[in-house]
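The values are calculated or read from the model by the stated rules, or taken from the named source; none is laboratory data. Computed from a predicted model, the values in this text were never measured in an experiment. Here Cβ is always computed from backbone atoms with ideal geometry, including for glycine, and neighbour counts include all displayed protein chains. Surface areas here come from the heavy atoms of the whole protein model, side chains and all, with no ligands, DNA or RNA. Shrake-Rupley method; radii C 1.70, N 1.55, O 1.52, S 1.80 Å.
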Amino acid sequence: MECFSKRVRLILICLVILMPLIYFNEANNSYGTSNSQELSQNQDVKAGWNYMDDSWYYFNSSGAKITGWLKASGTWYYLDPETGVMATGFRQVGNAWYYLNSSGAMQTGWNYIDGSWYYFNNSGARVTGWLKTGGTWYYLDPETGVMATGFKQVGNTWYYLYSNGAMQTGWSYIDGSWYYFNGSGARATGWIKVGRTWYYLDPETGVMATGWQNVDGKSYFLHSNGAMESNKMIQSGDGVQYVGYDGALKTTPFQYIKNVTLNPDSNGLISWAEYNSYRPQIEAMESANSILKQVGYSLWEAYKWSGSAITYRNMTTDASNGISYFANVGFNQRSGNCYTMASTFYYMASALGYDVYQVSGFHQGRYKVWAHSWCEIRMNGNTYIYDPDILKETGRTIYGSTYGQRGTLKYILSKNQYMNL
C-alpha cells in the first residue's frame, strides 16, 4: 500500500513538471506539445502578435493561432497556412504574387525592391503587363513584374519607357537620335505626318532621317530637323535641284509654273543658266509657298493674306513689268498697289494648282475710270473674280464672284488684258 502511494506521488510530480509543455494548437483547434526552447519563449502567450523562435505569430482573443490573410490595425499580413509564421518578402498566394515588407505589412502601389520597381494593386497583387496610373502608362515584365525602362518590344511593336518607367509619346531624343511614338506609344517607322510636316523614320530602327533619302526609288530631302522639303529649289555645287509637291526630286522635264518648263538631268540637276533665266518666277513661287505654309494651304487664306498683309502705296501700274515683278515687290516689301496684291494672290493660287490669270484693266468709278488689276480663276467652264485690293481698301470681299454680280465693281471688260509672268 505504501509502495502504491509512492507511485501515485511520482506520477503527480511528473504531471506537474510536464503541464507547461502542453499548448493549444489553434490551427487545428487541438493541443500539442512544444519543445523546451518554445516553452521558454511562450510561457505567457497573449492575444495578438507573439515573437517565438525568431518568427512572428498572431493569436486571436481565444488563443487560436491565425493562418492565411490577417488584417490587423488596418494592415494586411500573411501567415503561413501550415505554420502560422508571418511572411515577409515576395509570396505567391494562389495565382497572385504579393510583397510583404520586413514588418510583414502587405504593400500596395509602387515599391522599390532589390534594385527594381514593382507595382501592387489595391488588393496587394503584383501587376504585370501594361499599367496606367496617374494618367501615365507603364510596362511591367509579364513574368517578374519588374518595371521596364528603355526600348521594349511588346508583340510586334516597340515602345520606349523613360528611366522613371513612363511610356513616351510624340518626339523623343534617345541616345543621340530622334524617334516618334504615336498616341498609343508605338514607335513609328516610315513616312509620318505631324501637323503639316512630313518626316521619314528608318523602317527598321525608327530613327528620324535627315539629308537626301532614297525611298521606293525616289529621292527626298529632309532638313536637319527631319522636315521633308517640298516645292523647293535646293542648291548644289553645279546647279539646283527641285523637289515637287510630293517631296520627290524631279529628274525629268516638268512645268514649274504656267509657261515655265524646267529641264533637270537624270540626277535632278538644273543648270545655273536655266535657273537664272527664270529667277524672278522661281523666287516669287518660293515666297508664295512659304506664305501658304504659314497661313494654311487654302485659297481663302491666300486671298486674305494678299488683301491684308500688304500696305497700300502708290507705284507703277505698267503691266509690262510682269506678274513676277509685282509679286516679288509684295512678298519682299509687304507694300504695293492693286497690281501687287493681285500678283501675290496669283502666285499662291498657282501654287495651289488653280488655273489662274491676272488681269490688267479698268473699272468704272462714280466720276471716272480707274486703272485696276485683279485675278480670274477658271473652274468647270466658268470664270470667277478674285480681287484682294477691294478687301484692303473697303473691307468687302470679291472672292469667287462673277462679272456683273451685285457687289462687284463695274469692270470694263473691253479694256482688259492678261498679264505675262
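Structural remarks
This table checks each residue for (1) within 38 Å of the chain's Cα centre (by Cα); (2) assigned to a strand (DSSP E or B); (3) among the β-branched types (Val, Ile, Thr); (4) surrounded by fewer than 16 Cβ atoms within 10 Å (Cβ to Cβ).
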| site | (1), (2), (3), (4) |
| --- | --- |
| Tyr245 | yes, no, no, yes |
| Thr252 | yes, no, yes, yes |
| Ile282 | yes, no, yes, no |
| Tyr303 | yes, no, no, no |
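- Being touching a residue at least 60 places away in the same chain (Cβ under 8 Å) and either over 18 Å from Asn259 (Cα atoms) or of a type in the set (D, E, K, R) (or both) is not true of Ile385.
Yes/no per residue for (1) loosely packed, with under 13 Cβ neighbours inside 10 Å; (2) touching a Lys or Arg at 6+ places or on another chain (Cβ under 8 Å):
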position	(1), (2)
Ala371	no, no
Thr383	yes, no
Asp387	no, no
Tyr403	no, no
Asn416	no, no
Leu421	no, yes
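- From the list Ser236, Ser224, Ser277, the lone residue that is over 30 Å from Ser172 (Cα atoms), surrounded by fewer than 16 Cβ atoms within 10 Å (Cβ to Cβ) and out of contact with any Leu (no Cβ under 9 Å at 6 or more places or on another chain) is Ser277.
- Residues located in the stretch 124-163, provided they are among the charged types (D, E, K, R) and surrounded by 12 or more Cβ atoms within 10 Å (Cβ to Cβ): Arg126, Asp141, Lys152
- Positions within the stretch 193-243 being among the basic types (Lys, Arg) and part of a strand (DSSP E or B), in sequence order: Lys193, Lys218, Lys232
- Any chance Thr340 is within 17 Å of Tyr303 (Cβ to Cβ), of a type in the set (Ser, Thr, Tyr) and part of a loop (DSSP other than H, G, I, E, B): no
- Test: residue in the stretch 339-360 that is charged (D, E, K, R), open to solvent by 10 Å² or more (accessible area, probe 1.4 Å) and under 23 Å from Gly244 (Cα atoms): yes
- Of the residues examined, Phe345 is not one that is modelled with pLDDT of 95 or more and either out of contact with any helix residue (DSSP H, G or I) (no Cβ under 9 Å at 6 or more places or on another chain) or closer than 25 Å to Gln235 by Cα (or both).
- Of the residues making up the stretch 299-314, just one is free of Cβ contacts under 8 Å to residues at least 24 places away in the same chain and within 18 Å of Val356 (Cβ to Cβ), namely Glu301.
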